[in-house]
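Down below is the structure, laid out as structure tokens.
Coordinate-derived values only; no laboratory data. As the structure is a prediction and not an experimental result, all values here were calculated from the model. Positions of Cβ are generated from backbone atoms using ideal geometry, with glycine treated the same way; all protein chains shown enter the neighbour counts.
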Amino acid sequence: MTRAEGARRRSAIAVLCVVVTLGLPTTTSAEVKEVQIARGFAIPHLPIMIMEHDKLLEKHALAAGLGEIRVVYSTIGGGSVMNDSLISGALSFGVGGPPPMLTLWDKTRSAIQVKGVCAEATMPLLLNTRNPNLKTVKDLTEKDKIAVGAVKVSIQARGIR
């Protein structure tokens with residue numbers, strides 16, 4: 001399977017997850033005619049960019065008998081802003097990494113019960129170094145300095161802990 005085929009397959013799976021979720025009956029909300037989806041800037045969000053460009057969610061919702069829906073896409077720079085938007089009801093779906101999702105789930109599990117729908121992408125976590133003595137994370141010592149996306153909450157920081 002080529003990378004392009006893999007990206008298309010992941011996009012189709014993401015669309016399917018969203019469509020299935022939209023089609024689930026709920027006891028607290030009316031029929032959904034508008035969906036707000038936010039994503040980040042990086043390449044792992046390519047499946048959502050493809051969904052937006054090809055209007056896949058609209059096409060699949062129509063094919064599933066859900067009628068016409070309006071999809072509003074936005075780009076948000078961080079997980080905390082996305083979490084706040086989900087909690088306030090300004091977003092239907094926030095597309096981000098595991099750390100913000102875990103934080104959001106933990107804060108809302110007894111109230112509004114935000115849930116993860118599906119994985120957007122899988123990517124390896126790599127340790128890049130100039131130090132030839134570092135072969136694995138276990139080789140890190142208190143003398144080593146590392147850079148991560150966000151202190152304590154990025155997937156890299158959580159993985160090292």
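Would you please classify the overall shape of the range 37-111 from the alpha carbon gyration tensor, given that a ≥ b ≥ c denote the square roots of the eigenvalues, rounded means a/c under 1.5, and beyond that prolate means a/b larger than b/c while oblate covers the rest?
It is oblate, given that a/c is not under 1.5 and a/b is not larger than b/c.
What number comes out for the charge environment of V114, summing +1 per Lys or Arg and -1 per Asp or Glu over other residues with Cβ under 13 Å away?
+1
Using the structure shown, list the pairs from K33/K115; K55/K152; K59/K115; K115/K143; K115/K152 with a Cα-Cα distance above 27 Å, or answer none.
Beyond 27 Å: K55/K152; K115/K143.
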